[in-house]
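Contents: one structure, followed by commentary.
The values are calculated or read from the model by the stated rules, or taken from the named source; none is laboratory data. For clarity, every value in this text was computed on a predicted model and none was experimentally measured. Note that each Cβ is placed from the backbone with ideal geometry, even for glycine, and that neighbours are counted across all protein chains shown. Just the protein is used for accessible areas: all its heavy atoms, side chains included, with ligands, DNA and RNA removed. Shrake-Rupley method; radii C 1.70, N 1.55, O 1.52, S 1.80 Å.
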Amino acid sequence: MEPLKIPSAINSMEISLNAETGKLSFTGRSYPENSILFFKPVIEWMEQYITAPAGKTECSFTIEYFNSASRKCIINIFRILSSIHKKGHPITIIWNFESDDESIKEIGEEYKNLFGFDFQFNPY
């Protein structure tokens, strides 16, 4: 399975997904004109990834800002990760946030409570 790399733009985050290493990375701001269209290749890649995931999946989020439409897409990503976890594959979420950004931290805590993954919270 080929890695997926989406470079950042003014209104969209950088995304790097590697099935071989199990490393998934989402970095930056996300408020694209059409979030569903922007995240479509990511969701498709992840739906293929769940058929043969790496032994361990590490998903890193360094989100500065995201709008409600992007947040819904991120929740869909977490749902896919949840299906991997239910098959017995460990999932680790690394949630990076600016030390003074309580709202992004709280969103990470909400996701931890909803999905129960191993979360590492890293303020910077």
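Taking 8 Å as the Cα distance limit and 6 or more residues as the minimum spacing, I'd like the relative contact order of the chain as a percentage.
Here the relative contact order equals 21 percent.
Calculate, for Glu106 and Glu14, the FRET efficiency according to 1/(1 + (r/R0)^6) with r their C-beta to C-beta distance and R0 30 Å; round to the nearest 0.05.
Once rounded, the FRET efficiency stands at 0.80.
What FRET efficiency do you get for Lys56 and Lys5 if R0 is 22 Å and r is their Cβ-Cβ distance, rounded to the nearest 0.05? Walk me through the numbers before you get to the answer.
Working: r = 21 Å, r/R0 = 0.94.
So the FRET efficiency works out to roughly 0.60.
Please work out whether the chain counts as rounded, prolate or oblate from its C-alpha gyration tensor, where a ≥ b ≥ c are the square roots of the eigenvalues and a/c under 1.5 means rounded, while otherwise a/b larger than b/c means prolate and anything else oblate?
Numbers: a/c = 1.64, a/b = 1.16, b/c = 1.41.
Since a/c reaches 1.5 but b/c is at least a/b, the shape of the chain is classed as oblate.
Looking at the chain, do any whole DSSP H helices span at least 18 angstrom along their long axis by alpha carbon and average -0.5 or above on Kyte-Doolittle, and which?
Helices passing the filter in the chain: 35-49, 68-86.
For a test of the definition: using alpha carbon positions, the gyration tensor, and the 1.5 limit on a/c, classify the stretch 9-66 as rounded, prolate or oblate.
In terms of gyration-tensor shape, oblate.
Residues of the stretch 8-124: accessible area per residue at 1.4 Å, in Å²?
Using a 1.4 Å probe on heavy atoms only, each residue of the stretch 8-124 averages 52 Å².
To the nearest 20 debye, what is the magnitude of the charge dipole of the chain about its Cα centre, counting +1 on the Cβ of each Lys and Arg and -1 on the Cβ of each Asp and Glu?
In total the dipole reaches around 460 debye.
Just the number, please: percent antiparallel of the DSSP beta bridges in the chain, rounded to the nearest 5.
Given both bridge residues lie in the chain, the antiparallel proportion sits at roughly 30 percent.
Using the Karplus curve 6.51 cos²θ - 1.76 cosθ + 1.60 with θ = phi - 60°, what ³J(HN,Hα) values do you get for each residue of the stretch 13-23, in whole Hz, with x for Gly and Pro?
7, 7, 10, 9, 10, 10, 5, 5, 8, x, 9
Given R₀ = 35 Å, FRET efficiency for Glu33-Ser99 by Cβ-Cβ distance, to 0.05?
Once rounded, the FRET efficiency stands at 0.70.
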